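Comments concern the structure below.
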Amino acid sequence: MTLLASLFDYKAWANEELFPCVQRLDAAAQPAALHAAIRILNHVYVVDRIFAANLEGTPLPYTDTNTPGTPTLAALYAQVCATDAWYRSYIAALTPAAGAESVHFVFVDGDAGRMTREEMLLHVINHGSYHRGAVGRILVEQGIAPPRDVYTRFLHDAEPERRRAPG
């Protein structure tokens, strides 16, 4: 498995850990916190889809980095899971030569951009991690423990033999 494949497996795992915690926010008692968390996660989803379009060379599916409306958490989670699956499939088919290929694209603000496919994929990973942390902070402020969604925990959950001492 390549590092990119591992990172996108981690991204999907981290989303599977986080969304149930966000679901614990009470829509009646904590509406602002729930709304903020969904808006942040929706932003991550929209940017993931924008970069998927850039990787595919297809028209951008969004004209901004978030949508005007706010989806339900359940609907968003379904879309996020489908997008995580798309990225995992994309990575599985990505050759080293294709990963190093530069792609020219236009950001939603109209500025031109150029990144290698690997750089774009790493951006997707880092962007999502950053914003999951912001959602984790919202959860803490509402008295909900966020998941420990660090890469080391993912690796040790996925491969328990890593916890064994050598020898």
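Worth a mention:
- From the options ALA28, ALA33, residue that is free of Cβ contacts under 8 Å to residues at least 40 places away in the same chain and farther than 15 Å from ALA74 by Cα: ALA28
- Only a single item in (1) more than 20 Å from ILE138 (Cα to Cα); (2) modelled with pLDDT of 95 or more is not met by HIS43, and it is number (1).
- Sub-9 Å Cβ pairs linking a first residue in segment 36-55 that is in contact (Cβ under 8 Å) with a residue 40 or more places away in the chain to a second residue that is surrounded by fewer than 20 Cβ atoms within 10 Å (Cβ to Cβ) and small (Gly, Ala, Ser), at least 6 apart or interchain, are ALA36/ALA134; ALA37/ALA134; ILE40/ALA134; ASN54/GLY113, ordered by first then second residue.
Condition check ((1) closer than 21 Å to SER129 by Cβ; (2) part of a loop (DSSP other than H, G, I, E, B)) across all residues:
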| residue | (1), (2) |
| --- | --- |
| VAL22 | yes, no |
| ALA33 | yes, no |
| ALA37 | yes, no |
| ILE50 | yes, no |
| PRO61 | no, yes |
| ASP64 | no, yes |
| ALA78 | no, no |
| ILE91 | yes, no |
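- Residue in segment 131-150 that is of a type outside the set (S, T, N, Q), more than 19 Å from the chain's Cα centre (by Cα), at pLDDT 95 or above and in a helix (DSSP H, G or I) present: yes
The values are calculated or read from the model by the stated rules, or taken from the named source; none is laboratory data. Just so you know, these numbers come straight off a predicted model, no measurement behind them. Cβ coordinates were reconstructed from backbone atoms using ideal geometry, including for glycine residues, and neighbour counts include every protein chain displayed.
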